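Presented below is the structure to which this report refers.
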Amino acid sequence: MSGHGPSAEDVQEEQAHFRQVVTTFRQYRQYSLSANIRRRKDFYSLPLPHQKLLREVGWYQKLGDVDDAILVNADFLEQIVDDTEIFAGSVDDLEEASTGGEQEEASSSDAHPHAEHTHEHGAHGHSHGRHSHGHAHTHERVVGSSSVPAHEHRQKVSEPDMDKLRSTLKQFVRDWSAEGKKERDEQYEPILQALEEHFKDIPEDGRSDIQVLVPGAGLGRLTWEVVNRGFSCQGNEFSYFMLLSSFFMLNRSPETNKWTIYPHIHSLSNLQSEASLLQPIMIPDVLPGERKQGPDFSQVAGDFEEVYGLGARDQAEAWDAVLTCFFIDTAKNIVSYLEIIRHLLTPGGVWINLGPLLWHFENNSTKDVSIELNLAEVKVLAEKMGFKIENERMIETTYVGHEDAMLHHVYNCAFWTATKIK
Ligand SMILES: C[S@@+](CC[C@H](N)C(=O)[O-])C[C@H]1O[C@@H](n2cnc3c(N)ncnc32)[C@H](O)[C@@H]1O
């Protein structure tokens, strides 16, 4: 913890970023429909005999089905940002403040990256510092629509932000659908089994005293699974796309299969059939609100290094386990991540890791530091920093994969448990 709160400038910047993310959710409808308009335009530029053939194979009619699916996705995404009060006050208030109204000083819980609300799981304060979720302004497109609140006509949506939103739709498949079970079984299960194995001597009714931290928690399924096994768990995230979506899933799902989404409609490449393009996904596959009572369950918004860094003295040796799934390669400086994990763990505590080494900052254009180690180097480093690595193996798996597609990215992920020994 830095010891002093964020400056007014930081708060303003954060609010602007938050507003931008909410606007992206709200403008998904028009933005995505316009991509389909482009396809129609191209179609009409073709010679008539070609158009006739494309109608005969059903390609043209399919565009109408994609439009319908966009509208269904849009309804779902708009519900997520219907009520953002818990994050930063109403976005409309923020808008007023930034367009002439007096800029209110944010309350400490709003402005503080460590804000945490355990009564409703996944309530968040502000996050500070993000990289790929920052303000990228390439390929901006302004979209106008009568369904978008008037003030949002003025806001631009960037293609990178819209891309993050489309990825968020796929992330729902991974974490909260029956179709995501294969990935979860391949990745979350080994992590959960290793966690139970490490604490096998603790009786089940004592597990809620065991504190588990999941940095880079994504849409929250792993944290939910940890709690359902009886452990207390805290997720940490810094992306508003993830925070808004996980909060909605965890706290606002009234029944299983409540929503249908179409996550595969945004690219017509590498598909075998129309069914594959228009595959409906029902979420959530479980009732997130139905979880074991007893363990603490919370989510903290903010940059992992800022919230839990060495300056955060209250975090020292506060955690019995740290679970990283597809996370450690988000580090600019992996030495710092390992130093923090070590600082967080109690002696004998365990760090369980699964993931590739797709260094997020490699070749960045933002002049950020990036240190890219290979797997052998990461393991030597961990041992030098006081971890005993065990249970090592490689696990082949996908990340938000589309089973039906003609292209698959398969990662050969490293798995290990590392005990803090000194
Ligand atoms: C590749 S995703 C993995 C998400 C999740 N663990 C899973 O397996 O589905 C990495 C996540 O870490 C988050 N993240 C990256 N850097 C972070 C940081 N410094 N602090 C907090 N979260 C971070 C990203 O927003 C993203 O949700």
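The values are calculated or read from the model by the stated rules, or taken from the named source; none is laboratory data. Please read all numbers here as calculations on a predicted model, not as lab measurements. With ideal geometry, Cβ positions are generated from the backbone for all residues, glycine too; neighbour counts draw on all protein chains shown. In case anyone asks, the SASA skips ligands and DNA or RNA and just uses the protein heavy atoms, side chains included. Shrake-Rupley method; radii C 1.70, N 1.55, O 1.52, S 1.80 Å.
Could you figure out which of (1) part of a loop (DSSP other than H, G, I, E, B); (2) open to solvent by 20 Å² or more (accessible area, probe 1.4 Å); (3) more than 23 Å from A418 (Cβ to Cβ) isn't true of M282?
(1)
Here's a check for you: in the range 285-335, which residue that is in contact with a Pro (Cβ under 6 Å, 6 or more places away or on another chain) and either assigned to a loop (DSSP other than H, G, I, E, B) or of a type in the set (A, V, I, L, M) (or both) is nearest to the ligand (Cβ to nearest atom)?
F327
State the number of residues belonging to the range 195-219 that are in contact (Cβ under 8 Å) with a residue 40 or more places away in the chain and either within 15 Å of the ligand (Cβ to nearest atom) or β-branched (V, I, T) (or both).
Qualifying residue count, the range 195-219: 10.
Is it the case that the range 359-376 has a residue that's away from the ligand (no atom under 16 Å from the Cβ), in a helix (DSSP H, G or I) and either surrounded by fewer than 16 Cβ atoms within 10 Å (Cβ to Cβ) or not assigned by TED's automatic domain parsing to the domain that holds V227 (or both)? Spell out how you get there, then give the answer.
Here is the first cut: in the range 359-376, the ones away from the ligand (no atom under 16 Å from the Cβ) are 363, 365, 367, 373-376.
This time we only want the ones that are in a helix (DSSP H, G or I), so: 375-376.
Now narrow it down to the ones that are either surrounded by fewer than 16 Cβ atoms within 10 Å (Cβ to Cβ) or not assigned by TED's automatic domain parsing to the domain that holds V227 (or both): 375-376.
Yes, some residue in the range 359-376 is away from the ligand (no atom under 16 Å from the Cβ), in a helix (DSSP H, G or I) and either surrounded by fewer than 16 Cβ atoms within 10 Å (Cβ to Cβ) or not assigned by TED's automatic domain parsing to the domain that holds V227 (or both).
May I ask you to say which residue of E392, E383 is in a strand (DSSP E or B), open to solvent by 50 Å² or more (accessible area, probe 1.4 Å) and free of Cβ contacts under 8 Å to residues at least 60 places away in the same chain?
On the way: E383 fails: in a strand (DSSP E or B).
None of the other options fit; the residue is E392.
Within the range 245-304, work out how many residues are among the acidic types (D, E) and in contact (Cβ under 8 Å) with a residue 60 or more places away in the chain. Steps first, please.
Taking the range 245-304 and keeping what is among the acidic types (D, E), we get 255, 274, 285, 290, 296, 303.
Now narrow it down to the ones that are in contact (Cβ under 8 Å) with a residue 60 or more places away in the chain: 274, 285, 296, 303.
Selection size over the range 245-304: 4.
How about the range 217-240: which of its residues are aromatic (F, W, Y) and either open to solvent by less than 10 Å² (accessible area, probe 1.4 Å) or not in a helix (DSSP H, G or I) (or both)? Write out each step before concluding.
From the range 217-240, those aromatic (F, W, Y) are 224, 231, 238, 240; that's our starting set.
Within the range 217-240, F231, F238, Y240 qualify.
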